[in-house]
Amino acid sequence: MSRPGRPSAAPPGRRHRAPAIGYFVTGTDTGVGKTVVAAILTLGLDAEYWKPVQSGVDGPAGLSTDSECVARWTGLPAGRLRPEAYRLALPASPHLSAAREGVSIRLPRLTLPATRRPLVVEGAGGILVPLNGRKLMVDLMAQLRLPVILVARASLGTINHTLLSLEALRARRLPVAGVVVNGPANGADLAANVAAIQHYGQARILAVLPLLPALTPAGLRAAWARFGGKLAPPARGAGKAGA
Ligand SMILES: Nc1ncnc2c1ncn2[C@@H]1O[C@H](COP(=O)(O)OP(=O)(O)OP(=O)(O)O)[C@@H](O)[C@H]1O
Ligand SMILES: [Mg+2]
């Protein structure tokens, strides 16, 4: 059974209630289902959700940001969603969205928010997406040190994208909790894709998720059942102050 990891120590000089546990949800690409999976985990683990860097905030009302999607789909109150550290208008790679606004994303500003629950953190795009002139999303993952959940498509091309992503994570020695294969296979051999990811990627498959009929709390809870206890909810109180 996978054990969520402990984050790095709080920055010096700051009173910080560190969350004891959580996961970093990344993906093989943009639009692969990171937010859907993060919403499932947030409900399933009774967690809080945090999107540190949001690129693109001008979508349809109530669904314009990933935090808004998670709130809408889970029905959780606003207090379960931590505010983004960077909200950038342009829906592009964070380094470009930030540059457009004359902003430089600073990693020291991206420390884990204090929570009493586990924390589900969602990246932006994939693993090697640039955050600024020097740092990539994987550098933020290395800084936060949460076990990583990789969301992959079910369809054709996913084996290559998933193996590349796993290599990038392992090159940084990041803890990988496992892979979620998400969405329709679009005619591909789903079982063969899943088996290949497991075999060549030496990765645990946490769940295989179909296109959910409804992104509602009931739909998300049904999807959580597909994880089959592989990401067990942490013991209550594990993330309390001073833990
Ligand atoms: N398993 C699923 N069931 C139903 N709908 C899904 C599923 N996975 C993804 N979708 C749909 O695809 C859209 C894109 O998925 P999602 O927003 O989770 O991707 P993402 O990887 O978080 O994208 P981004 O890189 O923009 O953060 C969702 O808004 C949702 O409508
Ligand atoms: Mg998302």
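The values are calculated or read from the model by the stated rules, or taken from the named source; none is laboratory data. What you see is a predicted model, and the numbers here were worked out from it, not measured in a lab. No Cβ is skipped: glycine too gets one built from the backbone with ideal geometry, and neighbour counts run over all protein chains shown.
For the range 80-100, the set of residues classified as surrounded by 13 or more Cβ atoms within 10 Å (Cβ to Cβ) and either aromatic (Phe, Trp, Tyr) or in a loop (DSSP other than H, G, I, E, B) (or both) consists of 84, 85, 86, 89, 90, 91, 92, 93, listed by residue number. Close contacts from the range 23-35, counting a first residue that is closer than 13 Å to residue 161 by Cα and assigned to a strand (DSSP E or B) and a second that is more than 9 Å from ligand 1 (Cβ to nearest atom) and of a type in the set (Val, Ile, Thr), with Cβ to Cβ under 7 Å and a gap of 6+ residues or different chains, come to 26/127; 26/148.
Okay, residues lined up against (1) touching an Asp or Glu at 6+ places or on another chain (Cβ under 9 Å); (2) more than 13 Å from ligand 1 (Cβ to nearest atom):
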| position | (1), (2) |
| --- | --- |
| 32 | no, no |
| 36 | no, no |
| 46 | no, yes |
| 51 | yes, no |
| 71 | no, yes |
| 83 | no, yes |
| 88 | yes, no |
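Matching residues to (1) surrounded by 22 or more Cβ atoms within 10 Å (Cβ to Cβ); (2) modelled with pLDDT under 95; (3) more than 17 Å from the chain's Cα centre (by Cα); (4) closer than 15 Å to residue 23 by Cα:
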| residue | (1), (2), (3), (4) |
| --- | --- |
| 105 | yes, no, yes, no |
| 145 | no, yes, no, yes |
| 165 | yes, no, no, no |
| 191 | no, no, yes, no |
| 194 | no, no, yes, no |
| 198 | no, no, yes, no |
| 211 | no, no, yes, no |
